[in-house]
Amino acid sequence: MYKLFKRFRLTRQGKEQRVVVIHNHLFKNAGSTIDWALKKNFGSSFVDHRQDDLMRQGASYLGPYLEVKTKVAALSTHHLVLPLPVLKNIRLLVMTMFRHPIERVTSVYNFERKQKCNSTPGVIHARKLTIGDYIRWRLKPEVGATIRNFHSRRMLPFRKPQREDLSFSDSEFIKVSVKNMDMLGIVDRFDESMVLFEETLRKHFPDIDLSYTAQNIGQKADESRETRLAWLEAEIGRGTYDLLVQKNKHDIELYDFMSEEFQRRVDGVEDFAKKLESFKTRCLKHR
C-alpha cells in the first residue's frame with residue numbers, strides 16, 4: 001500500500017512554493033530501486049516519465065509540464081537535460097546516483113544482452129558480441145557514448161557531440177555542478193546515499209521513508225570492485241581495458257571528486273551511523 005503523502009510547501013515572500021523531486025535516472029546506476037522507493041512514498045503523485053523525445057527538449061518542456069501537472073510531487077526520467085527550468089512557485093530538488101565508470105560497463109553489457117523485445121543498436125550488438133568486442137564497438141567515436149565519459153556528458157548544460165572529447169574546462173564546470181547538487185549518491189554506498197537523500201527530503205516531506213526492495217540487480221553484492229575489475233581486464237585483454245580507462249578519464253576523475261564530496265556530506269550529518277542502522281532495519285521489512 002502506498003503512503004498517503006502530505007504535500008509540503010515552502011513559503012517565499014508570502015507565496016506558496018511547491019517542491020518537486022526530480023530523479024535524474026542515469027542508465028545502470030541503481031535507478032529502478034530509487035524509483036521503487038519514490039513510488040512507495042508518493043503513489044500516484046510519482047511519474048516515471050518515459051516520453052524521451054519530449055524530455056530531451058529540456059527546460060522548455062519540463063517547466064510547462066510541471067506547471068500543468070500540479071499533482072506531480074516526484075518525477076523520474078532517463079533523459080534529464082540541464083539546465084533545469086527556473087519556475088516561479090516550484091522548487092526542484094534533483095537526486096543523481098553515480099557509479100564507478102569502469103565497473104558499470106559490465107552491467108551495461110549484461111543488461112543489454114538480456115533484453116528480449118528491444119532492437120536498439122546496443123541490444124543488437126550485445127546479443128551477438130562477446131563483452132570485449134562489444135566494448136570495442138562501444139568505444140568507437142561514431143557510436144553513442146554509453147560507456148565513454150557517460151556521467152560527465154550527462155552533467156553538462158548542453159549535449160556535446162558524441163565524437164567530440166570533453167575538455168578540461170568541461171570537467172571543471174561539472175565539478176562545480178556536482179558540488180551544488182541537492183542530492184548525490186554512490187551506487188556502491190547505496191544505503192548511505194538513501195540516508196543522505198532522506199536528510200534533504202525530510203525538510204520538505206517529513207514522513208519520507210526511502211527504505212526499499214532492491215530492483216533489477218545485475219551483480220553479486222558480495223564481490224568487491226577490485227574483483228569485478230580484475231575479471232573485466234582478464235576477459236577483454238589489457239589493451240582494450242587500457243583504452244576503456246582512457247575513454248573514461250573524465251568520469252574517473254569525476255567519480256573520485258564526487259566521492260570526496262559525498263563523504264563530506266556524510267560527515268556533516270549528525271548521528272549518521274545511527275540513522276544508517278535505522279534505515280537498514282527499515283529495509284529488512286521489505287524482504
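Here are GLU223, GLU112: which of them is without any contact (Cβ under 8 Å) to a residue 60 or more places away in the chain, farther than 22 Å from VAL94 by Cα and part of a loop (DSSP other than H, G, I, E, B)?
GLU223
For the stretch 62-69, does any single residue satisfy the condition of being at pLDDT below 95, open to solvent by less than 30 Å² (accessible area, probe 1.4 Å) and not charged (D, E, K, R)?
Taking every residue of the stretch 62-69 in turn, none turns out to be at pLDDT below 95, open to solvent by less than 30 Å² (accessible area, probe 1.4 Å) and not charged (D, E, K, R).
Can you report the number of residues in the stretch 127-136 which are under 24 Å from the mean Cα position of the chain (by Cα) and closer than 22 Å to ARG163 by Cβ?
Residues meeting the conditions: 2.
In the stretch 82-99, how many are of a type outside the set (S, T, N, Q) and buried (at least 20 other Cβ atoms within 10 Å of the Cβ)? Give the steps one after another, and end with the answer.
Our first condition is that a residue be of a type outside the set (S, T, N, Q); within the stretch 82-99, this holds for 82-88, 90-95, 97-99.
When the remaining residues are screened for being buried (at least 20 other Cβ atoms within 10 Å of the Cβ), the result is 95, 97-99.
Matching residues across the stretch 82-99 total 4.
Give the number of residues within the stretch 115-135 that are of a type outside the set (Ser, Thr, Tyr), farther than 18 Å from ASP251 by Cα and not in a loop (DSSP other than H, G, I, E, B).
Of the residues in that region, 11 qualify.
Return yes when PHE5 is open to solvent by less than 60 Å² (accessible area, probe 1.4 Å), at pLDDT below 95 and within 24 Å of TYR212 (Cβ to Cβ) and no when it is not.
Judged against the criteria, PHE5 is a match.
Being open to solvent by less than 40 Å² (accessible area, probe 1.4 Å) and in a helix (DSSP H, G or I) is the filter here, so list the residues in the stretch 42-61 that pass it.
Result: PHE42, GLY43, SER45, MET55, ALA59, TYR61.
Here is a list of conditions, (1) modelled with pLDDT under 95; (2) under 27 Å from ASP271 (Cα atoms); (3) open to solvent by 50 Å² or more (accessible area, probe 1.4 Å), and PRO206 meets all of them except one; can you say which number that is?
(1)
Restricting the search to the stretch 245-287, which residues are part of a helix (DSSP H, G or I) and without any contact (Cβ under 8 Å) to a residue 60 or more places away in the chain?
GLN246, ASP256, GLU260, GLN263, ARG264, ASP267, ALA273, LYS274, GLU277, SER278, THR281, LEU284, listed by residue number.
Could you pull out the residue among ALA37, ALA30, ALA73 that is buried (at least 20 other Cβ atoms within 10 Å of the Cβ), of a type in the set (A, V, I, L, M, F, W, C), within 25 Å of VAL195 (Cβ to Cβ) and modelled with pLDDT under 95?
From the options ALA37, ALA30, ALA73, the qualifying one is ALA30.
Considering each of ALA74, ALA37 in turn, give the residue that is touching a helix residue (DSSP H, G or I) at 6+ places or on another chain (Cβ under 6 Å), among the hydrophobic types (A, V, I, L, M, F, W, C), on the phi < 0 side of the Ramachandran plot and touching a residue at least 12 places away in the same chain (Cβ under 8 Å).
ALA74
Scan the stretch 121-131 for residues that are open to solvent by less than 60 Å² (accessible area, probe 1.4 Å) and under 19 Å from ALA234 (Cα atoms) and jot them down.
Correct list: ALA126, LEU129, ILE131.
Quick check: is even one residue across the stretch 236-251 of a type in the set (D, E, K, R), closer than 30 Å to ASP170 by Cα and either surrounded by 18 or more Cβ atoms within 10 Å (Cβ to Cβ) or modelled with pLDDT under 95 (or both)?
Restricting attention to the stretch 236-251, the residues satisfying the condition of being of a type in the set (D, E, K, R) are 238, 242, 247, 249, 251.
Still in the list and also closer than 30 Å to ASP170 by Cα: 238, 242, 247, 249, 251.
Next, only the ones that are either surrounded by 18 or more Cβ atoms within 10 Å (Cβ to Cβ) or modelled with pLDDT under 95 (or both) stay: 247, 251.
The answer is yes, given that some residue of the stretch 236-251 is of a type in the set (D, E, K, R), closer than 30 Å to ASP170 by Cα and either surrounded by 18 or more Cβ atoms within 10 Å (Cβ to Cβ) or modelled with pLDDT under 95 (or both).
Is there a residue being in a loop (DSSP other than H, G, I, E, B), at pLDDT below 95, over 26 Å from ILE236 (Cβ atoms) and open to solvent by 20 Å² or more (accessible area, probe 1.4 Å) anywhere in the stretch 139-156?
no
Take the residues in the stretch 104-120 that are open to solvent by 80 Å² or more (accessible area, probe 1.4 Å) and not hydroxyl-bearing (Ser, Thr, Tyr), then tell me which one is farthest from SER224 (Cα to Cα).
The selected residue is CYS117.
The values are calculated or read from the model by the stated rules, or taken from the named source; none is laboratory data. Source: prediction; values computed, not measured. Every residue, glycine among them, receives a Cβ derived from its backbone with ideal geometry; neighbour counts consider all protein chains shown. These accessible areas exclude ligands, DNA and RNA; they are computed on the full protein's heavy atoms, side chains included. Shrake-Rupley method; radii C 1.70, N 1.55, O 1.52, S 1.80 Å.
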